[in-house]
Amino acid sequence: QVQLVESGGGLVQAGGSLRLSCAASGRTFSSYAMGWFRQAPGEEREFVAAISWSGGNSRHADSVKGRFTISRDNAKDTMYLQMNSLKPEDTAVYYCVADPSYSNIRRTPDYWGQGTQVTVSS
């Protein structure tokens, strides 16, 4: 079992930046691929970014590529999402996810956090 707790959400103006954090506990953090999903009001959850257990591989959704960067610190059991040049359409609840498989992390990850709200005002 893996427990995930997100933090760092909030209200920011368009063009601003936020950094989300996801603290993991339970099973060995470094053995899991990690990622982020988001869900806007009235919309389905969508994949945002993923990173392999070592941090050597990562991928970002086209909608955030060049603006968001995923990273992890295995020594701190923590994953991050640096979000720059934020747009109103980035407004959503952001969820941290974990899965033993990097190939599955952006499909049906096993573990989910409770989510953190990000609101971008125009």
- Message: Going by amide H atoms built from the backbone, whose H comes under 5 Å of the H on THR91, apart from near neighbours?
- Response: VAL120
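Over the chain, average the accessible area per residue using a 1.4 Å probe and give it in Å², no decimals. Each step should come with its number before you reach the end.
Working: 6140 Å² over 122 residues.
The answer is 50 Å² per residue.
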- Would you list the P(r) distribution for the chain, with all Cα-Cα distances sorted into 10 Å bins from 0 and each bin expressed as a whole %? 15, 51, 29, 5, 0
- Task: Report the residue, chosen from GLY42, GLY56, GLY26, that carries the largest GNM mean-square fluctuation when the chain is represented by alpha-carbon nodes joined by springs under 10 Å.
- Result: GLY42
- Message: Which order do the peptides 76-82, 12-18, 94-100 come out in when sorted by mean C-beta neighbours inside 10 angstrom, highest first?
- Response: 94-100, 76-82, 12-18
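Based on Cβ point charges of +1 for Lys and Arg and -1 for Asp and Glu, what charge dipole magnitude is obtained for the range 12-118 about its Cα centre, in debye rounded to the nearest 20? Could the numbers behind the result be given before it?
Numbers: 12 positive and 10 negative charges, 46 e Å.
Computed about the Cα centre, the dipole is about 220 debye.
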- Note on the structure: Farthest towards the positive end of the dipole of the range 1-84, among GLY55, GLY10, TYR32 and with Cβ unit charges of +1 on Lys and Arg and -1 on Asp and Glu, lies the Cα of GLY55
- the chain: relative contact order in percent, alpha carbon pairs under 8 Å with at least 6 residues between: 36
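The values are calculated or read from the model by the stated rules, or taken from the named source; none is laboratory data. Because the structure is a prediction, the values reported are computed rather than measured. Positions of Cβ are generated from backbone atoms using ideal geometry, with glycine treated the same way; all protein chains shown enter the neighbour counts. Heads up: the accessible areas ignore ligands, DNA and RNA and are worked out on the full protein's heavy atoms, side chains in. Shrake-Rupley method; radii C 1.70, N 1.55, O 1.52, S 1.80 Å.
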